[in-house]
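What follows is one structure encoded as structure tokens, with my remarks underneath.
The values are calculated or read from the model by the stated rules, or taken from the named source; none is laboratory data. Bear in mind the structure is a predicted one, so any value in this text is a computation, not a measurement. Backbone-built Cβ (ideal geometry, glycine too); neighbour counts: all protein chains shown. SASA here: full protein model, heavy atoms, side chains in, ligands and nucleic acids out. Shrake-Rupley method; radii C 1.70, N 1.55, O 1.52, S 1.80 Å.
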Amino acid sequence: MSSILFEIRDQVAFITLNRPEKMNAFTREMALLLQSKLDECASLHEVRAVFITGAGRTFSAGQDLAEVVDPEGPGMAKILSEHYNPLVTRIRNLPKPVIAAVNGVAAGAGANLALCCDIVVAAKSASFIQAFSKIGLIPDTGGTWWLPRLVGWQKAAGIAFLGDKISAENAEKMGMLYAVYSDEEFTGAARALAAVLAQMPTRALALTKHALNYSATNTLEAQLQLEDELQQKAAETKDHAEGVNAFLNKRAPQFKGE
Ligand code: T3D
């Protein structure tokens, strides 16, 4: 069975991290396969939203620690530069919305991979653990970048230093998540969200994502300039014309992602 399951349905690419017996911990093979699936999502016109979840009771326990101590393994330098860093940049640069549907524990690189997605939703029983400090490491996979931006400096430091388990409800209260659903509703609600996003004006969402990426480091003046440039591009899309036409004719828009 593949460590990454991949299926396209109704213009949504469903990606499932699939090593449930090892809490979907990442090996090199799995990280590289996920990278290639994200590339496929970027290039396929029929994919208009990406949905990442975990098989079984966990989202992901992060790096496979058995691989870390394997003398034949990739070693720390490759684990970050060839596995997780390219995953984060692929997700941030993918010109389509990426949803992390956190079904259970998300630990270490698994937690931060979820947090770098555009929209993070979680089941009520899910949790987030910056497990790094427990094994003498620092948060990676963008954790030191995302956490202070999402939850503020104090909470970020506490969560990163202590490595304690943050429930989905507390994570939502802190601003780490878009929504938490009951365990019963979770799969349906998360998929419904992906279905809605896949019918939206994909290019405008991609341009919005681009603007949000830059907002973290831009000055206000630079961001206003960027919005100006990106809005010109959005205004040239067929979906913009369709949206305006649908509004004026009092009908629902039919966006094509063009
Ligand atoms: O060098 C580097 O490491 C650089 C890269 C760093 C990136 C990182 O992600 S560092 C952080 C790595 N992750 C962790 O430290 C988390 C370790 N796992 C846990 O803390 C717990 O397993 C969980 C909280 C995720 C779940 O706990 P629980 O009690 O529900 O399950 P469990 O019994 O601990 O685990 C079930 C199985 O999964 C077990 O295997 P076994 O004994 O049944 O054969 C366990 O060993 C395995 N497993 C869980 N996490 C990992 C793992 N195997 C390898 N690597 C793991 N990360």
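A few notes on this one:
- C-alpha long axis of helix 220-235 to longest principal axis of the chain, angle in °: 60
- Only Cα pairs under 8 Å and 6+ residues apart enter the sum, and on that basis the relative contact order of region 72-223 stands at 25 percent.
- Inter-label distance, E236 to A189: 4.0 nm, where each label sits 7 Å from its Cα along the C-beta direction.
- Contour excess over end-to-end distance, with Cα ends at D39 and A246 and 0.36 nm allotted per residue: 71.2 nm
- Probing with 1.4 Å while keeping every protein chain in the model, the per residue accessible area of region 172-258 equals 65 Å².
- Heavy-atom accessible area per residue - region 26-99, 1.4 Å, Å²: 43
- Scaled against 2.2 N^0.38 Å for its residue count N, the alpha carbon radius of gyration of region 81-121 is 1.12.
- Only Lys, Arg, Asp and Glu carry charge here, each on its Cβ (+1 for the first two, -1 for the last two); on that basis the chain has a dipole of about 340 debye about its Cα centre.
- Solvent-accessible area, 1.4 Å probe, carbon plus sulfur percent, for region 131-258: 58
- Across the chain, Cα pairs under 8 Å and at least six residues apart give a relative contact order of 16 percent.
- In region 66-126, the GluC sites (Glu not before Pro) that fall in loop regions by DSSP, at most 14 other Cβ within 10 Å: E72
- In this rough spin-label picture, where each label sits 7 Å from Cα along the Cβ direction, the L5-S125 distance is 1.7 nm.
- Here, region 198-258 has an Rg and a Dmax of 13.2, 40 Å when only alpha carbons are counted.
- Max-minus-min Cα coordinates of the chain on each principal axis give 62, 44, 36 Å, with the largest extent listed first.
- Percent of alpha-carbon pairs separated by more than 16 Å within region 24-103: 55
- In this structure, the pairs whose alpha-carbon distance is over 20 Å, taken from K96/K173; K22/K124; K209/K233, are K96/K173; K22/K124.
- Model label sites at Q154 and K78, defined 7 Å from Cα along the beta-carbon direction, differ in position by 4.4 nm.
- DSSP finds beta bridges in the chain, and of those with both partners inside it, around 30 percent are antiparallel.
- Cleavage-rule hits, GluC sites (Glu not before Pro), region 184-241, DSSP coil, Cβ neighbours within 10 Å at most 15: E184, E185, E236
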